[in-house]
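Written below as structure tokens is the structure these notes are about.
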Amino acid sequence: MSKELIRLEHITKSFDGQMILDDLNLVIHENEFVTLLGPSGCGKTTTLRIIGGFETPDKGRVIFDGQDITALAPNKRQLNTVFQKYALFTHMDIAENIAFGLKIKNKSQAYINDKIKYALKLVNLDGFEHRMPDSLSGGQQQRVAIARAIVNEPKVLLLDEPLGALDLKLRQDMQYELIRLKNELGITFIYVTHDQEEALTMSDHIVVMNQGYIQQEGSPEDIYNEPENAFVADFIGDSNIITATMVRDELVNILGTDFECVDKGFGTNQPVDVVIRPEDVELVKRGEGTLPGVVSHIIFKGVHYEMEVQAGGFEWLVHSTRMNEVGSEVDIRVDPFNIQVMNKPESEDEQAIGVEE
């Protein structure tokens, strides 16, 4: 594990009496690509702004490289921010835009020229020095905004939904560019998005947030394959989330049918939620699986077929490269390792916090 760089301790923040962050604790390590992921209003941008110094927490501390920087102004912190609205100066050419921060620091012109060349090469905009911002596409403007941030050699780059204004193809291209930049520059990226696919593609570490609380954090694989509660399972990719009963260790009753699983420690005959990803649901011939069903709907998605299957009074979502006709009678089968069992939250507050007993 790399060295700890940022620690948020007991951060609380409210606006107009509404709690936005409630006792938030988070550790970010050097050279990580960390994504704060969640729906609108979950507190992810506020968390980023507190790290950047644009907001002050009501309670709690921001520790950066061992120093308490809670009260430090944004321009005194070793970080730069790239916003969704690129915030380029329209009356300056690209070179002047990139040089802005360096001029404020009174760097020599030779140093500035070297840095501009280096940054433009890094973001694949060689030779764009004298173009004006309004002559560039959205993707190119975003690259300039990133170049302007990285010439200051920050330890941390904060990115607030920076690809939100781009079309899908450009957004995907820029995702790979950002991963490449992070690897080449060796700096820490903290990235805010509500796009699950973006988070899974780019991150080393994902922090899933909802209602001011961290629901779960971990690697993309952990978050996707081992969601800790129904909110995370539902928010990250498609899921079948079903109320079930834990019969005993390694046996769960789903919709009246017993399924073998690998989970233990939930007790006997306890109410639980189970999560089964659509790609983990196998459709087999009648009599060869665990739960009988009928295919009710099908869409071709290019890589796979997306099917809806009525089984046990529940509408299952199934992703498969093999098509089953609408109306065909099938059995559902699920590998025990692909059934994720979770405690049921006892209250709405507990649901928001993502408490596990």
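Quick look at the numbers
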quantity: Strands (runs of 3 or more DSSP E) within segment 232-296 that include 2 or more residues among the polar types (S, T, N, Q) and touching a residue at least 60 places away in the same chain (Cβ under 8 Å); calculated: 240-248
quantity: In segment 185-201, residue nearest to the chain's Cα centre (by Cα) [restricted to those that are open to solvent by less than 10 Å² (accessible area, probe 1.4 Å) and among the hydrophobic types (A, V, I, L, M, F, W, C)]; calculated: Ala199
quantity: Answer residue from segment 297-326, given it is touching a Gly at 6+ places or on another chain (Cβ under 8 Å) and not aromatic (Phe, Trp, Tyr) and is surrounded by the most Cβ atoms within 10 Å (Cβ to Cβ) among those; calculated: Val309
quantity: Those residues of segment 10-52 which are under 20 Å from Val156 (Cα atoms), assigned to a strand (DSSP E or B) and open to solvent by 50 Å² or more (accessible area, probe 1.4 Å), in sequence order; calculated: Asn25
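The values are calculated or read from the model by the stated rules, or taken from the named source; none is laboratory data. Quick caveat: nothing in here was measured; it's all calculated off a predicted structure. Don't worry about glycine lacking a Cβ; one is built from the backbone with ideal geometry, like all the others, and counts go over all protein chains shown. All accessible areas refer to the heavy atoms of the entire protein, side chains included, with ligands and DNA or RNA removed. Shrake-Rupley method; radii C 1.70, N 1.55, O 1.52, S 1.80 Å.
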